[in-house]
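Visitor: Structure incoming, see below.
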Amino acid sequence: MRLAVAAVALAAAVTACAPSTTASAGHQGKITLSVWGWGPEANFDKMFAEYEKLNPGVDVDARSFTTSTEYDTILSTGLAGDSGPDLAWLRAGPQLQPLVEAGRLLPLDTKDVPGLADFDEGVLRAAKGDKDGKVYGVPFAVQTLQVIYNKKIFADNGITPPKTYAEMLASADKLKAKGVIPFAFGGKDDWMLPIVASIFGTAHWGGDEFLADVKAKRKKFADPRFVEGIDQLNKLKPYFPENVAGVSYTDAQILFSSGKAAMFPGGLWELNFFGENAKDVELGVFTPPTPEGQGLMPGFTDGSYGVNVKTRHKAEALKFAAWLASKDYGRLYTDTLRIFSAVPGVTPEDPLLAEVATAFDQHGATYFMNEFAYGNPSSAAVFSKALQEMLLGRLTAKEAAEQLDESVSTWL
Amino acid sequence: MAVGARRGSSYVFLVPAFLLYTAFVVYPLFTGLTYSFFSWKGTLRAGFAGWDNYAGLLSGAFLDQLLPALGHNVLLFAGTMAVQNTLGLVFALALSRARRGKRALQTMFALPYLVNPLVIGYLWTLLLSPAFGPVNALLKPLGLAMPWLGDPDTALPTVVLITTWQWVGFPMLLFSAALGGIPQEYAEAARTDGAGSWQVFRRITLPLLKPAMATVTILSFIGSMGTFALVYALGGSNGAPAGATDVLGLLFYRTAFASGDVNAMGTSSALAVFMFTFIFGSTLLLERVLRRKA
């Protein structure tokens, strides 16, 4: 008897879970769109509440996985089964390809998501399938890489953001003499190494033009200009913390937020971290100049919103995706997260962010590592390790660049 | 007849355990094995790949990571044997002579291995941090400050020391138990015959500890080969600095979860099968050799 009751209950539950054939509103006249991503959940709730206001029939249920390293596994498992979300944050470029190849995502076009037509081609590339060239996501963020500095320490030492390379070194010397670490940088977490190398080196190798030449196999990374670029890490070593290869990323963050260091070369996402953990530190940003003059500010697309190919609410999901590609959402994203939205034509409210936006517009470049992160082991992992060895004095800059060439040659 | 029937019915009691073992051990292992013979598109199984995934493990770029990682596992094993297990024996011998506080001391030595290796690793990165760590702050006035985890030459020995710090209580307990099982009469008889304490140790205690040593060696080997959590906490998934603490576990983690390679599932399954075969085979061999001697 009990068994029969259980069987009936089970059957009822299964029917309730079964995909509804009509993609429109459910029983209660309200459908739920589930969205997965990483980062603080409160941000999602705040942003999606706006969409719910505009679309009373839709309830957006955001779930955030704070352990971002496990997110990829959770997402690929979810999308492979039936437990996946309707929409999800996707990684950019190489990390996106396994999901595309497995056919887990719905290709998006400008018919469903008109906003995609206005996106910058360089931004959109990070959300495309490498083989079929189709767009699989609406990019949400663009990250820029630059030097963040402590305005008070600068003012106390009579320093201003450097206009020339010589001025930058002179200021660093001045800070060092006062017992302040000029650049808070740690080489122990090796993913930071290509980031910092690109902050100081992109202008040396000539930004996007050089990357295009490497892709077309006209040039190699062992080119003297690239070698000179990454050699900046060696040249600036006296201005990094002592025993730099043993200093971790979090150590570097603490060095800066505690005022022991004056500058932090890193991504724009650090502004959020420092804004919360070093509230009394007034932040400024600059692009490091080179001996030739103006420096370049590298940037990359951080990720995108994709639609699960198995979604039960395709029409609603696509409508939501269209909103995610709109300026309304772009503004909401930038002002909520203090990060650039990937939606074109959004001017940030935050003055510091606006300053970075102007600089990126004028002197922006592509972050080289994300374009060359393919292969197994990935060229990014190989080169990060090579840079670490270079910082330890075990490889020359040229040898490190040659290792990158060798790794890239396995897949390019 | 009655005996046969009883034996027959006794097998029935094994069925639940057998089913659980099959479902949770045999089946996953077998699945991993089959995965390694297919090529993958993300989580979607594509065509049969034969030995391709295994050939991939031996390709230049991958082999350049595999061999050093394996080498570091072996070095960790050697270091563990030399430092941790020797100290464990010394502590066990010292404790066997202690008149008071034996249990309290045993518990204290064994305490760190109740803590998760990830936590231990995190604590030690803080202690050894060149920017804020108290260890170097104390050693600096003496001129003994070291880069510890920041230099490839000192990183792996530092890992051995931290492993020792955590696990030394384990061989100590095993050796203590074995020492407790050696009848006092042997040593007394030897002393009556004029043997010194070194001779008693060398000729009586040590030979009788051999079975315990075999157990400790085999467990240390399995532990060193499968290590992941501690090295991950100390040097991240790439085995910083410069891959000096890279081990098979980290290589597997990177290949399976962090490479972004479309065929990551195939390559990592092949690597898992290789690791299993290598550890299982070596353990069998080690067991043979050690048991024969013991």
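Visitor: Scan B:PHE278, B:PHE257 and give me the residue that is without any contact (Cβ under 8 Å) to a residue 12 or more places away in the chain and either in a helix (DSSP H, G or I) or among the hydroxyl-bearing types (Ser, Thr, Tyr) (or both).
Guide: B:PHE257
Visitor: Could I ask something else about it? Just name the residue that is most open to solvent (accessible area, probe 1.4 Å) out of those in the stretch A:165-207 that are of a type in the set (D, E, K, R) and more than 30 Å from B:THR125 (Cα to Cα).
Guide: The extreme case among them is A:LYS174.
Visitor: Could you say which residue among A:GLY345, A:GLY393 is open to solvent by 30 Å² or more (accessible area, probe 1.4 Å), without any contact (Cβ under 8 Å) to a residue 40 or more places away in the chain and small (Gly, Ala, Ser)?
Guide: Answer to the selection: A:GLY393.
Visitor: Do we find a residue being touching a residue at least 40 places away in the same chain (Cβ under 8 Å) and open to solvent by 60 Å² or more (accessible area, probe 1.4 Å) anywhere in the stretch B:121-142?
Guide: Yes, the stretch B:121-142 has at least one match.
Visitor: Could you check, for the stretch A:138-149, whether at least one of its residues is closer than 30 Å to A:ALA203 by Cβ and surrounded by fewer than 17 Cβ atoms within 10 Å (Cβ to Cβ)?
Guide: No, that holds for no residue.
Visitor: Further, regarding this structure: Where the second residue is open to solvent by 10 Å² or more (accessible area, probe 1.4 Å) and aromatic (Phe, Trp, Tyr) and the first is within 9 Å of chain B (Cβ to nearest Cβ) and lies in the stretch A:172-196, which pairs have Cβ atoms under 6 Å and are six or more apart or on separate chains?
Guide: Pairs found: A:GLY186/A:TYR249; A:ASP189/A:TYR249.
Visitor: Also: Any idea which of (1) within 14 Å of chain B (Cβ to nearest Cβ); (2) out of contact with any Leu (no Cβ under 9 Å at 6 or more places or on another chain) is the one A:VAL346 doesn't satisfy?
Guide: The number of the failed condition is (1).
Visitor: Being outside any helix (DSSP H, G or I) and at negative phi is true for just one of B:PRO112, B:PRO130. Which residue is that?
Guide: B:PRO130
Visitor: At the interface with another protein chain (Cβ under 10 Å from one of its Cβ atoms), over 16 Å from B:THR43 (Cβ atoms) and in contact with a Gly (Cβ under 8 Å, 6 or more places away or on another chain): does that describe A:PRO98?
Guide: no
Visitor: Which ranges mark the helices (runs of 4 or more DSSP H) fully within the stretch B:160-242 that have 1 or more residues being within 14 Å of chain A (Cβ to nearest Cβ) and open to solvent by 20 Å² or more (accessible area, probe 1.4 Å)?
Guide: B:229-235
Visitor: Scan the stretch A:252-267 and give yes if some residue there is more than 22 Å from the chain's Cα centre (by Cα) and β-branched (Val, Ile, Thr), otherwise no.
Guide: no
Visitor: Restricting attention to helices (runs of 4 or more DSSP H) lying wholly within the stretch B:1-91, give those where 3 or more residues are basic (Lys, Arg).
Guide: none
Visitor: Could you tell me which residue of the stretch A:79-95 is most open to solvent (accessible area, probe 1.4 Å), considering only residues that are more than 10 Å from chain B (Cβ to nearest Cβ) and farther than 23 Å from A:TRP191 by Cα?
Guide: This residue is A:ASP82.
Visitor: Still on this model: Looking for whichever is at pLDDT 90 or above and either open to solvent by less than 30 Å² (accessible area, probe 1.4 Å) or outside the structural domain of A:ASP120 (by TED's automatic domain parsing) (or both) here; the options are A:LEU332, A:LEU337, A:LEU318. Which one fits?
Guide: From the options A:LEU332, A:LEU337, A:LEU318, the qualifying one is A:LEU318.
Visitor: If only one of A:SER304, A:SER326, A:SER379 is of a type outside the set (Lys, Arg), in contact (Cβ under 8 Å) with a residue 40 or more places away in the chain and under 28 Å from B:THR255 (Cα atoms), which one is it?
Guide: Going through A:SER304, A:SER326, A:SER379 in turn, just one is of a type outside the set (Lys, Arg), in contact (Cβ under 8 Å) with a residue 40 or more places away in the chain and under 28 Å from B:THR255 (Cα atoms): A:SER304.
Visitor: Based on what the data block shows, is B:PRO68 open to solvent by less than 100 Å² (accessible area, probe 1.4 Å), within 25 Å of the chain's Cα centre (by Cα) and away from chain A (no Cβ under 11 Å)?
Guide: Here the answer is no, as B:PRO68 does not meet what is asked.
Visitor: Do the conditions hold for A:GLN403, that is, is it within 12 Å of chain B (Cβ to nearest Cβ), of a type outside the set (A, V, I, L, M) and over 18 Å from the mean Cα position of the chain (by Cα)?
Guide: Answer is yes for this residue.
Visitor: If A:ALA262 satisfies all but one of (1) free of Cβ contacts under 8 Å to residues at least 24 places away in the same chain; (2) of a type in the set (A, V, I, L, M); (3) not in a helix (DSSP H, G or I), what's the number of the condition it fails?
Guide: (1)
Visitor: Kindly establish whether A:LYS217 is assigned by TED's automatic domain parsing to the domain that holds A:GLU389, of a type outside the set (A, V, I, L, M) and under 24 Å from B:ASP151 (Cα atoms).
Guide: Answer is no for this residue.
Visitor: Of everything in the stretch A:216-268 that's within 19 Å of A:ASP190 (Cα to Cα), of a type in the set (Ser, Thr, Tyr) and at pLDDT below 95, which residue is surrounded by the fewest Cβ atoms within 10 Å (Cβ to Cβ)?
Guide: In this case the residue turns out to be A:THR250.
The values are calculated or read from the model by the stated rules, or taken from the named source; none is laboratory data. Keep in mind that this is a model prediction, so the values were computed, not measured. Note: ideal-geometry Cβ built from the backbone for every residue, glycine included; neighbour counts use all protein chains shown. For accessibility, only protein heavy atoms count, side chains too; no ligands or nucleic acids. Shrake-Rupley method; radii C 1.70, N 1.55, O 1.52, S 1.80 Å.
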